[in-house]
Amino acid sequence: MSTTDSGASAKNVRLVSRCDQGGRSDGVQVIVSKGHAFIGHMFSDGFSVVDVRDALHPKTVAFVVAPPNTRSHHLQIHGDLLLVVNGPNIWAMQQYATQADYYAKSLADSFKNREQPFGAGLRVFDISTPSAPREIAYLHMPGFGAHRIWWVGGRYAYVSVHLDGFIDHVLAIIDIADPAKPVLAGHWWLPGMWRAGGETPPASFGKRTALHHMITAGNLGYSAWRDGGYTIHDLSDPMKPKLLSHRNYAPPFGGGAHTPLPLPNRNLLILADEATTSGCANGLAYTWLIDVRNPENPVSIATLPTPAEEDFCAKGAKFGPHNLHENRPGSLQTEDTIFATYHNAGLRIFDVRNAFEPKEVGYFVPPPPEKIVDQRPNPTKIIQSCDVYVDPNGLMYLTDTNAGLYILQYEGH
């Protein structure tokens, strides 16, 4: 372990620069396109654009405001189009007693403060001029809005969204053949989620079953359902996903299935379970390696090693997986190396060439944030690394709940 001049600890990773995102230092999903980083925010109602063509001197060039009380924390880009989710900024609108309460029951049962207006749906922007996104469409979807989205071009986008009548986020298929007129073309849910249709959640749903998001590879879709496990779908008919398999490790494990990253050339799925409690109160969360050569019978074969160069459970705040670099077109696409955010353990890099014995080969743990902008209950001045995007040259863009954008260079193999 080495300590950088910034106070971070690092292995095989070099700090290039840091950006406060125009004073809005909360960040969630980041995607780099056209030399600009597009960053969704957790608490600031909108998204930011940072010019990163000079990685040593990133410059915030735009902040696009969302409607009042509305988060735009997740986004997707292809060509000149940017798709941005809209949903309630629940942390500003309603104070849960603890962060863990947000994960303790379905959104329809926990989110009570519905009187204030908010946007619920999907917005489409023209980013032919990256520093000046121009809205060209809005698809309203009645309910509590969208959470995350997967779209890498083509006709269909796959969105996790709460629709009226359901207990939590389900899968929505959006037809964007005409980007100026997106259409809700289909949806899919786990049986038991459609309360208005008389369905009752089974005991297997655990505390909270909700789609976090789907990632597609070829004609297959891989979906993470928080405490509801994960599913694999046949998408030969994109508007009518066919269930091939459904697995759930919770219990005995803690649940929180968050990011399903397929490695299609190796018939592997990397599944990150989100750590949702401070101080490991819900036990350790893991990132699983799953053999999916037979998508109707997936088999877990290993987990990524848990970071251990210090006692992260005792460090404070959340420790464990959050998100994975998702191998998007235009980014670094590798099936040998996994880039993952681990909350208070920062950015971790893993070699998975031997899928049965993955190894950690690098990390970067930022110092404590300079200030707290986190609106959730009892925030602590502890790093909470959120998302990572890696460009083809190995430059890594790391977001955080409070600490802004870190630009890093991987110097491993």
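Quick notes
- Here Cα Rg over 2.2 N^0.38 Å was calculated from the structure, and among [x] 1.00; [y] 0.90; [z] 1.08 it sits at label [y].
- Measuring against 28 Å, Cα to Cα, the residue pairs Lys112/Lys318; Lys59/Lys371; Lys105/Lys371; Lys11/Lys105; Lys34/Lys318; Lys34/Lys371 contain Lys105/Lys371; Lys11/Lys105; Lys34/Lys318; Lys34/Lys371 as the ones spanning a longer distance.
- When +1 charges are put on Lys and Arg Cβ atoms and -1 charges on Asp and Glu Cβ atoms, the dipole computed for the stretch 2-410 relative to its Cα centre reaches about 260 debye.
- Residues whose amide H comes within less than 5 Å of that of Ser33, counting only those at least five positions distant or on another chain, are Phe38 (H built at 1.01 Å from N in the peptide plane).
- One chain, two ends: Lys112 and Thr98. Fully extended at 0.36 nm per residue, the span grows by 3.5 nm beyond their Cα-Cα distance.
- Whole-Hz Karplus values for the stretch 230-236 come out as 9, 10, 10, 10, 8, 10, 4 Hz, taken residue by residue from phi with 6.51 cos²θ - 1.76 cosθ + 1.60 and θ = phi - 60°; glycine and proline positions read x.
- Derived scalar couplings between HN and Hα for the stretch 22-39 equal x, x, 9, 7, 8, x, 10, 6, 10, 9, 9, 8, 6, x, 10, 9, 9, 10 Hz in order, rounded to whole Hz, by the Karplus curve 6.51 cos²θ - 1.76 cosθ + 1.60 (θ = phi - 60°), x for Gly and Pro.
- Each peptide in 144-153, 124-133 receives the mean, over its residues, of other Cβ atoms within 10 Å, and ordering these scores from highest gives 144-153, 124-133.
- In this simple spin-label approximation, Glu370 and Asp311 carry label points 7 Å from Cα along the Cα→Cβ vector, and these lie 3.2 nm apart.
- Amide H contacts of Ala302 (H built 1.01 Å from N, in plane; Pro and chain starts excluded): Leu289 sit under 5 Å, all sequence-distant by 5 or more or on other chains.
- Label-point gap, in nm, between Lys59 and Asp336 - each point 7 angstrom along Cα→Cβ: 3.8 nm
- Highest mean first, the peptides 43-49, 295-301 sorted by other C-beta atoms within 10 Å per residue fall in the order 43-49, 295-301.
- Note on the chain: helix-only mean residue ellipticity at 222 nm, from DSSP H runs of 4+ residues weighted -39500 (n - 2.57) and normalised by residue number, equals -500 deg cm²/dmol.
- Across all directions, the average projected area of the convex hull around the alpha carbons of the stretch 374-413 is 3.4 nm².
- For peptides 54-60, 116-122, 401-407, sequence by mean Cβ density within 10 Å, most packed first: 401-407, 116-122, 54-60
- Evaluating 6.51 cos²θ - 1.76 cosθ + 1.60 at θ = phi - 60° for every residue in the stretch 66-80, the Karplus couplings come out as 8, x, x, 6, 10, 8, 10, 8, 10, 7, 9, 9, 8, x, 9 Hz, glycine and proline recorded as x.
- Using a Förster distance of 56 Å, the FRET efficiency for Lys381-Met239 (Cβ separation, nearest 0.05): 0.75
- Annotation: amide H of Ala185 within the under-5 Å range of Ile173, Ile174, Asp175, sequence separation 5 or more or interchain, hydrogens built in the peptide plane.
- Relative contact order (%) - the chain, alpha-carbon pairs under 8 angstrom, separation at least six: 15 percent
- Toward the positive end of the charge dipole of the stretch 213-348, with +1 on the Cβ of Lys and Arg and -1 on the Cβ of Asp and Glu, the farthest Cα among Ser236, Ile301, Phe339 is that of Ser236.
- Its residue count N sets the reference 2.2 N^0.38 Å, and the alpha-carbon radius of gyration of the stretch 34-88 equals 1.15 times that reference.
Every number in this text was worked out from the coordinates using simple rules, so none of it is lab data. Please read all numbers here as calculations on a predicted model, not as lab measurements. Quick reminder, even Gly has a Cβ in these numbers, built from the backbone with ideal geometry, and neighbours come from all protein chains shown.
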